[in-house]
Amino acid sequence: MQIKENFEIKPLTTYKIGGIVKRVYFPETQEELTELLRTLKNYIVLGSCSNVLFSSNGYKGDVIITSEMKNFEIRGTKVYADCGVKGPLLAQKTSEASLSGFEFMIGFPGSIGGDIFMNAGAHGQSISDCLISCCLFDKTKKEVVFKQKSEMEFSYRHSILHDSKYILLSAEFELKKLPQEEIKALIERNLNFRKTIQPSLATPNAGSVFKNPENDSAGRLLDKAGAKAFENDKVKVWDKHANFLINKGDATSEDILEMMVKMQKVVKDTYTIDLAPEIIFIGDKTKKEEELCNILYKIKTLK
Ligand SMILES: Cc1cc2nc3c(=O)[nH]c(=O)nc-3n(C[C@H](O)[C@H](O)[C@H](O)COP(=O)(O)OP(=O)(O)OC[C@H]3O[C@@H](n4cnc5c(N)ncnc54)[C@H](O)[C@@H]3O)c2cc1C
């Protein structure tokens with residue numbers, strides 16, 4: 001397994017933001033990951049780094065990145081995947097096997113671990129829909145355990161993994177047989193829809209900034225409140241979808257947090273609705289970032 005010391009994490013994140021991390025591990029198998037989880041004390045596990053804002057100040061600890069854990073298997077209608085497998089690849093491979101259920105994953109770069117952590121979803125589908133069971137590392141007992149879908153506490157953008165007690169090693173899914181043309185048509189429709197309203201990865205972003213409040217859309221509220229006009233020399237709200245925030249090139253995590261606070265405030269002032277961030281802040285905060293996170297997250301952040 002590759003281990004990098006004093007590693008700049010920025011290029012690995014979809015936001016293209018993030019400072020120096022003391023040590024980064026890239027396990028390739030479940031056994032290597034399990035061994036790390038047994039031995040390391042303080043660590044953060046990340047997949048494709050597409051839902052995180054990594055501090056420009058870096059992190060004086062260990063980060064495990066699962067992107068080299070690429071094993072998966074399709075057996076009949078069952079799919080087994082390591083936590084590092086990328087959603088779009090799995091969506092492509094399952095569509096070639098005439099299996100339906102992963103069409104929504106084609107347009108964003110999440111790993112199976114990040115997708116299950118977030119209960120990622122789009123276009124009326126979510127990762128929990130076709131999940132059967134998860135193989136997890138229990139951080140308290142320091143052992144591998146299995147959980148059925150019913151024990152994973154899934155809800156909108158939430159799973160039991162938010163408790164920080166478990167790390168996902170792999171997952172088992174059951175998909176549905178459908179004619180390949182139908183699956184490909186659905187994928188095409190999803191991709192076209194994304195292209196019309198969302199920034200591509202060439203424009204650094206981390207997907208939706210805020211979660212949708214109950215029975216409403218964060219993008220709609222931000223748009224109506226005037227957030228599409230928010231722009232400075234470092235960051236800008238995407239003009240086709242107000243819940244996307246773009247790094248114009250050399251933004252820092254502080255620049256993003258400042259704009260997030262401004263976006264949250266305009267919706268609060270206009271509609272008295274508190275938007276909760278979907279993006280997760282990771283790493284060592286500056287004093288200013290501590291203050292901004294306290295406003296934004298109100299509840300808690302990972303680190
Ligand atoms: C252009 C774009 C479009 C997007 N569109 C969507 C969308 O339509 N729907 C949607 O839901 N999301 C979307 N996202 C957001 C993001 O891709 C998803 O949330 C995805 O599930 C995150 O996966 P990841 O591997 O990148 O997670 P990361 O960003 O690496 O991590 C996210 C969280 O998961 C935790 N985690 C990662 N791996 C593990 C593991 N093995 N065990 C335990 N915890 C783990 C991390 O600690 C972190 O807290 C989009 C992002 C982008 C950039």
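The values are calculated or read from the model by the stated rules, or taken from the named source; none is laboratory data. Computed from a predicted structure; not experimentally measured. Note that we place each Cβ from the backbone using ideal geometry, even for glycine, and neighbour counts take in every protein chain shown.
Among the residues of segment 152-173, how many are farther than 24 Å from residue 212 by Cα and not aliphatic (A, V, I, L, M)? Residues flagged as farther than 24 Å from residue 212 by Cα and not aliphatic (A, V, I, L, M) within segment 152-173 amount to 5. Could you look through segment 56-80, keep only residues that are within 14 Å of the ligand (Cβ to nearest atom) and more than 23 Å from residue 95 (Cα to Cα), and pick out the one that is surrounded by the fewest Cβ atoms within 10 Å (Cβ to Cβ)? Filtering segment 56-80 for residues that are within 14 Å of the ligand (Cβ to nearest atom) and more than 23 Å from residue 95 (Cα to Cα), the one surrounded by the fewest Cβ atoms within 10 Å (Cβ to Cβ) comes out as 61. The numbered conditions (1) more than 8 Å from the ligand (Cβ to nearest atom); (2) modelled with pLDDT under 95 are all true for residue 159 except (2). The set of residues in segment 105-139 that are in a strand (DSSP E or B), under 12 Å from the mean Cα position of the chain (by Cα) and over 30 Å from residue 39 (Cα atoms) contains only 121.
Beta carbons closer than 9 Å, at least 6 apart along the sequence or on distinct chains, pair a first residue in segment 152-171 that is surrounded by fewer than 15 Cβ atoms within 10 Å (Cβ to Cβ) with a second that is among the basic types (Lys, Arg) for 156/211; 164/139; 165/139. Taken together, the residues in segment 186-211 that are closer than 26 Å to residue 267 by Cα, surrounded by 13 or more Cβ atoms within 10 Å (Cβ to Cβ) and of a type outside the set (A, V, I, L, M, F, W, C) amount to 9. Might you check whether a residue that is in contact (Cβ under 8 Å) with a residue 12 or more places away in the chain, more than 11 Å from the ligand (Cβ to nearest atom), among the charged types (D, E, K, R) and surrounded by 13 or more Cβ atoms within 10 Å (Cβ to Cβ) occurs anywhere in segment 257-273? So far as segment 257-273 goes, yes, one or more of its residues are in contact (Cβ under 8 Å) with a residue 12 or more places away in the chain, more than 11 Å from the ligand (Cβ to nearest atom), among the charged types (D, E, K, R) and surrounded by 13 or more Cβ atoms within 10 Å (Cβ to Cβ).
I'd like to check something: does segment 95-102 contain any residue that is out of contact with any helix residue (DSSP H, G or I) (no Cβ under 8 Å at 6 or more places or on another chain), of a type outside the set (S, T, N, Q) and in a loop (DSSP other than H, G, I, E, B)? Scanning segment 95-102 turns up at least one residue that is out of contact with any helix residue (DSSP H, G or I) (no Cβ under 8 Å at 6 or more places or on another chain), of a type outside the set (S, T, N, Q) and in a loop (DSSP other than H, G, I, E, B). Just one of the listed residues (155, 164) is outside the structural domain of residue 39 (by TED's automatic domain parsing) and closer than 24 Å to residue 34 by Cβ, namely 164. Filtering segment 105-123 for residues that are more than 8 Å from the ligand (Cβ to nearest atom) and farther than 21 Å from residue 278 by Cβ leaves an empty set. Scanning segment 175-207 for residues that are farther than 17 Å from residue 87 by Cβ, outside any helix (DSSP H, G or I) and away from the ligand (no atom under 13 Å from the Cβ) turns up 176, 177, 178, 179.
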